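J.: Sending over a structure as structure tokens; questions will come in a sec.
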């Protein structure tokens, strides 16, 4: 059985804790490898190595750090199909989806290539007689990232590209469900010229997570996952004096108004709900349809679902792969099974016609869903789309505002005035206007509101740079010896 280890100080290291977990092939249901689960001592070693490497990397010129990011960009581009293949083998994501993930991660590496410009400070001359003031941004030290199974390449690149470019060293704890991508990225960073010890990968479970959250030498933690775990990460890490950005779950709505192009809306709903088997924090999970067009819209969505080709990542024509584990597949299927008892209508049942092997479900469509139902309240994180019918635009906006999550939202309309009013008043962090998955480009920042984010700063982009640095203000005077004198008064600006 193949075993997957850690990456510490520039090389693969076998686990020593004696604890391991299975890594499945989601398309067959078979165990294809075992991944080491780190002990507290192994986490401590990775952090110690990163701490030792910090000062040398922090002292490296911005030009050299930028060069490493440029090198990494070229290596990721050259190896994008290999990265996508690894993702498909362990996550089950089909090739087109995996390549899209790599591309969106690569955007953040490209953003980090501009670090000399991104770290420019401010300068004020002659704020007082002979006194100048300037502001600079400096790295934090050792920072850590705890990343989810659904984007094993993209989300780590959201974190480590900016963190390393800013001069920090990094410890990554990827999901134990698909751990190999992180080791491949570590090898590419080494090839790009990143010094050994600056990037380390610790595989594992809650033991590794808790040690990272408590370790006194870890200055900041970035996290993406479910809301309960995001809240735990935030509370635990901040209690231990760390800076934290913890991105949680979502219940993303797509409000469709009567003037919308319904064919366009139906296409968007199918793509946004069922892509990556619905295992996206930005997936559309609720279509909010004004009643006058609800029947037609539901029919258009339903007629598109049979054409969605479900299959393994090895099938070049497959559009949607399996779910990550048998347990998660069964949990998702349970929402479809329980919907009729709550009063919803199962328009399309994705439990039917699935392959016997692997962790597959087909797309499901639920209609006449109400906000009090489990399929509406919970983050299902699977290929299940619910339709909630409302009487008006105002009722739809109230529904979205009342939801505890605030990650992403979309509005489909032809009315520019309504669209502007919607983006102005809706309490959600990322808004799409006729765009179903409004993930920002790399030079903006990603993150939701309400129970979808714990912390003050969003991920990547300008807020990512701010998160991985701290501001220092320097007040300087080069005095003329002829004017020097003792003054016990409070300094004043004159």
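J.: Find the helices (runs of 4 or more DSSP H) located wholly in the stretch 154-253 whose residues include 2 or more that are closer than 30 Å to residue 266 by Cα, and list them.
T.: Numbers: elements: 154-165, 180-191, 206-214, 227-239.
Ranges flagged: 154-165.
J.: Also, I was wondering about something else. Do the conditions hold for residue 351, that is, is it modelled with pLDDT of 95 or more, closer than 20 Å to residue 304 by Cα, in contact with a helix residue (DSSP H, G or I) (Cβ under 6 Å, 6 or more places away or on another chain) and part of a loop (DSSP other than H, G, I, E, B)? Before the answer, list the steps.
T.: Details: modelled with pLDDT of 95 or more: yes; closer than 20 Å to residue 304 by Cα: yes; in contact with a helix residue (DSSP H, G or I) (Cβ under 6 Å, 6 or more places away or on another chain): yes; part of a loop (DSSP other than H, G, I, E, B): yes.
Yes, satisfied.
J.: Right, residue 130: buried (at least 24 other Cβ atoms within 10 Å of the Cβ) and on the phi > 0 side of the Ramachandran plot or not?
T.: Numbers: buried (at least 24 other Cβ atoms within 10 Å of the Cβ): no; on the phi > 0 side of the Ramachandran plot: yes.
No: the conditions fail for residue 130.
J.: Would you check if residue 312 is part of a loop (DSSP other than H, G, I, E, B) and out of contact with any strand residue (DSSP E or B) (no Cβ under 6 Å at 6 or more places or on another chain)? Even if it seems obvious, please write down each step before you answer.
T.: Working: part of a loop (DSSP other than H, G, I, E, B): yes; out of contact with any strand residue (DSSP E or B) (no Cβ under 6 Å at 6 or more places or on another chain): yes.
Yes; evaluated as a whole, the condition is true for this residue.
Conditions (1) within 20 Å of residue 298 (Cβ to Cβ); (2) surrounded by 15 or more Cβ atoms within 10 Å (Cβ to Cβ), marked per residue:
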residue	(1), (2)
341	no, no
349	yes, yes
354	no, yes
373	yes, yes
378	no, no
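J.: Now, a different point. Could you say which residue among 386, 392 is over 30 Å from residue 54 (Cα atoms), more than 21 Å from the chain's Cα centre (by Cα) and surrounded by fewer than 23 Cβ atoms within 10 Å (Cβ to Cβ)?
T.: Numbers: 386 fails: surrounded by fewer than 23 Cβ atoms within 10 Å (Cβ to Cβ).
Within the list 386, 392, the selection yields 392.
J.: Grab the strands (runs of 3 or more DSSP E) fully contained in the stretch 396-494, keeping just those with 2 or more residues being over 25 Å from the mean Cα position of the chain (by Cα) and either within 26 Å of residue 140 (Cβ to Cβ) or outside the structural domain of residue 121 (by TED's automatic domain parsing) (or both).
T.: On the way: elements: 408-412, 430-433, 469-477.
Because the criterion is at least 2 residues that are over 25 Å from the mean Cα position of the chain (by Cα) and either within 26 Å of residue 140 (Cβ to Cβ) or outside the structural domain of residue 121 (by TED's automatic domain parsing) (or both), the strands (runs of 3 or more DSSP E) in the stretch 396-494 that meet it are 469-477.
The values are calculated or read from the model by the stated rules, or taken from the named source; none is laboratory data. No experiment lies behind these values; they were computed from the predicted model shown. Because the Cβ atoms are built from the backbone with ideal geometry, glycine has one as well, and the counts that use them run over all protein chains shown.
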